[in-house]
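Visitor: My questions will all concern the structure given below.
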Amino acid sequence: MGKKVTVVGAGFYGSTTAQRLAEYDIFETVVLTDILEGRPAGLALDLNQSRAVEGFETKVVGATTGTDGSGYEAIEGSDVVVVTAGFPRKPGMSRMDLLEVNAKIVRQVAENIAKYAPNAVVIVVSNPVDEMTALAQIATQFPKNRVFGQAGVLDTARFTNFIAETLAVPVKSVEALTLGSHGDTMVPVPSKCKVNGKPLSDLMPADKIEELVVKTRNGGAEVNNLLKTGSAFYAPSAAAARMAKAVAEDSGAVMPVCAWVDGEYGISGVYLGVLAEIGATGLKKIVETDLTDTEVAGLKEAAEAVRAKQADVANL
Ligand code: APR
């Protein structure tokens, strides 16, 4: 049987994710849901009308769901569910300012996923993503490797773009990596950054690398400030869609994701941005990579920064 993916939340992030997933043409069905009446159905209709031009056979289905769980039958049998429901930041807000309001939404969404798509792999993108991922796992009670978050693919893509622009080289020639949390304790990993196989540190002075690291950390806020309403969605949806594709294709691709860490790098009991192998059952394993002492220290700092907040979400 063909694969089915659901995107919960038909806002900017969700609708662009659904579009990318449909255009991959690897799914039988893409379901797009929202609490708004009509919007998911309208977007689905619109996307289906693009099939002849874009050349994909995937059917897009829109469904309005109620906070009481009505309408969730539409997600039954989903192999993957991407959770984008929730408020985005306004200029000047930190992702953490969204914690309480989005926790209510994500908990309700996760409970319905557990009920209607009990075998799905869940990819969370709602912010603050490290905490919302932890909450989705608690609310679904799914195995921890079956619930993970999107941040690292996006942060790495931003870092890659800034390196490529600065050195005026194709993005394809750049290898970059960011770990840690999706916020102030993001850990860009310059020791793993290469351009055409050459270490980044051979091509740029340390202060320039640091400047790009800071720009990467503020990558989302910079977009936010320009948009004034709403937050970034093109790069974020590209990242989330790639992760869902890796699940659907059981590809074994290794990506930086927000994953449950259990002893890796000497860190335990927290959702944190690390490299992991993605497959049909979720995360097959965490991939520990060689890091410098400073980078491991950064990762530990990130873990401690999110640990307390993640414990708190159990009560939200
Ligand atoms: N169930 C389903 N959808 C919901 C629910 C719910 N309980 N609550 C809200 N939504 C929907 C809203 O109706 C809205 O259409 O979530 C959608 C969010 O869309 P946008 O406001 O456009 O926000 P977007 O840019 O898509 O960001 C979504 O991703 O990057 C994060 O910080 C961002 O948390 C935000 C999320």
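The values are calculated or read from the model by the stated rules, or taken from the named source; none is laboratory data. Quick caveat: nothing in here was measured; it's all calculated off a predicted structure. With ideal geometry, Cβ positions are generated from the backbone for all residues, glycine too; neighbour counts draw on all protein chains shown. When the accessible area is computed, the model is the full protein with side chains, heavy atoms only, and any ligands, DNA or RNA have been set aside. Shrake-Rupley method; radii C 1.70, N 1.55, O 1.52, S 1.80 Å.
Visitor: Determine which residues of segment 185-225 fall in the zone a paramagnetic label at residue 296 would reach in this model, i.e. backbone nitrogen under 13 Å from the point 7 Å along Cα→Cβ.
Guide: Answer for segment 185-225: none.
Visitor: Sticking with this structure for a sec: Mind listing which chymotrypsin sites (Phe, Trp or Tyr not before Pro) in segment 144-241 are in a DSSP loop and have 16 or fewer other Cβ atoms within 10 Å? Before the final figure, lay out the partial values.
Guide: Numbers: sites: 148, 159, 162, 233, 234; in loops: 233.
Sparse-neighbourhood loop chymotrypsin sites (Phe, Trp or Tyr not before Pro): none present.
Visitor: Continuing with this model, one more query. How big is the charge dipole of the chain about its Cα centre, in debye rounded to the nearest 20, if each Lys and Arg gets +1 on its Cβ and each Asp and Glu gets -1 on its Cβ?
Guide: I would put it at about 280 debye.
Visitor: Between the DSSP loop rule and a limit of at most 15 other Cβ atoms within 10 Å, which GluC sites (Glu not before Pro) in segment 208-252 are left? Kindly include the intermediate steps, with their values, before the conclusion.
Guide: Values: sites: 210, 211, 222, 249; in loops: 249.
Here the GluC sites (Glu not before Pro) that fit, given the DSSP loop and packing criteria, are 249.
Visitor: Of the accessible area of the chain, with the probe set at 1.4 angstrom, what percent is carbon plus sulfur? Write out the running numbers ahead of the final one.
Guide: Working: 7150 of 13630 Å².
Ligands and nucleic acids excluded, carbon and sulfur reach 52 percent.
Visitor: Here's something else I'd like to know. How much net charge surrounds residue 159 when only other residues with a Cβ under 10 Å from its Cβ are counted (Lys, Arg +1; Asp, Glu -1)?
Guide: Numbers: positive: 158, 215, 217; negative: 155.
Once positives and negatives cancel, what remains is +2.
Visitor: What distance in nm separates the simple spin-label points at residue 168 and residue 138, each placed 7 Å from Cα in the Cβ direction?
Guide: Going by the 7 Å Cα→Cβ label model, 5.2 nm.
Visitor: Here's a follow-up. Below 12 angstrom from the Cβ of residue 56, what's the summed charge of the other residues (Lys, Arg +1; Asp, Glu -1)? Don't skip to the end; give the middle numbers.
Guide: Numbers: positive: 20, 51, 59; negative: 23, 25, 28, 54, 57.
Neighbour charge sum, excluding residue 56 itself: -2.
Visitor: Taking only protein heavy atoms and a 1.4 Å probe, what accessible area per residue, in Å², does segment 152-313 have with all protein chains in place? Write down the numbers at each step before the final one.
Guide: Numbers: 7180 Å² over 162 residues.
Heavy-atom SASA per residue in segment 152-313 reads 44 Å².
Visitor: Go ahead and estimate [θ] at 222 nm for the chain from helices alone: -39,500 (n - 2.57) per DSSP H run with n ≥ 4, summed, over the residue count, rounded to 500. The partial results should precede the final answer.
Guide: On the way: 11 runs with 134 residues, N = 316.
Taking each H run of at least 4 residues, the total per residue is -13000 deg cm²/dmol.
Visitor: In degrees from 0 to 90, rounded to the nearest 10, what is the angle of the helix 39-49 Cα long axis to the longest principal axis of the chain?
Guide: Taking the Cα atoms of the chain, the angle to 39-49 is about 80 degrees.
Visitor: What are the ³J(HN,Hα) couplings of segment 80-90, residue after residue, when phi is run through the Karplus curve with 6.51, -1.76, 1.60 and θ = phi - 60°? Round to Hz, x for glycine and proline.
Guide: So the J values, rounded to whole Hz, are 9, 10, 9, 9, 10, 5, x, 7, x, 6, 9.
Visitor: Need the list of lysines near residue 228 for cross-linking: C-alpha distance under 27 angstrom, and skip anything on the same chain fewer than eight residues off.
Guide: Counting by Cα, and skipping residues close in sequence, residue 228 has these lysines nearby: 90, 104, 215.
Visitor: Put +1 on the Cβ of every Lys and Arg and -1 on every Asp and Glu Cβ in the chain; which of 251, 147, 30 then has its Cα farthest towards the positive end of the dipole?
Guide: 30
Visitor: For residue 276, list long-range residues whose amide hydrogen, built 1.01 Å from N in the peptide plane, is under 5 Å from its own amide hydrogen.
Guide: HN-HN under 5 Å from residue 276: 255, 257, 287.
Visitor: A further question follows. Any idea which of 113, 129, 78 is furthest toward the positive side of the dipole for segment 4-149, if Lys and Arg beta-carbons carry +1 and Asp and Glu beta-carbons -1?
Guide: So the residue we want is 129.
Visitor: I would also like to ask the following. Sum up the charges of everything whose Cβ sits under 13 Å from the Cβ of residue 140, counting Lys and Arg as +1 and Asp and Glu as -1, but leave residue 140 out.
Guide: Numbers: positive: 107, 115, 144, 146; negative: 111.
So the surrounding residues net to +3.
Visitor: Okay, moving on. Going through segment 1-95, which chymotrypsin sites (Phe, Trp or Tyr not before Pro) have at most 10 other Cβ atoms within 10 Å and a DSSP loop state? Let's see the in-between values first.
Guide: Numbers: sites: 12, 13, 24, 27, 56, 72; in loops: 27, 56.
Counting only loop positions with at most 10 other Cβ atoms within 10 Å, none of the chymotrypsin sites (Phe, Trp or Tyr not before Pro) in segment 1-95 qualifies.
Visitor: Something else: Would you list, by chain and number, the lysines whose Cα falls below 19 Å from the Cα of residue 144, excluding same-chain residues fewer than 8 positions away?
Guide: Once the sequence-local lysines are set aside, what remains near residue 144 is 115, 284, 285, 309.
Visitor: Mind putting a number on the dipole of segment 166-274 about its Cα centre? Charges go on the C-beta only, +1 for Lys and Arg and -1 for Asp and Glu, and I need it in Debye to the nearest 20. Don't jump to the answer; show the numbers that get you there.
Guide: Details: 10 positive and 11 negative charges, 71 e Å.
Around 340 debye, computed over segment 166-274.
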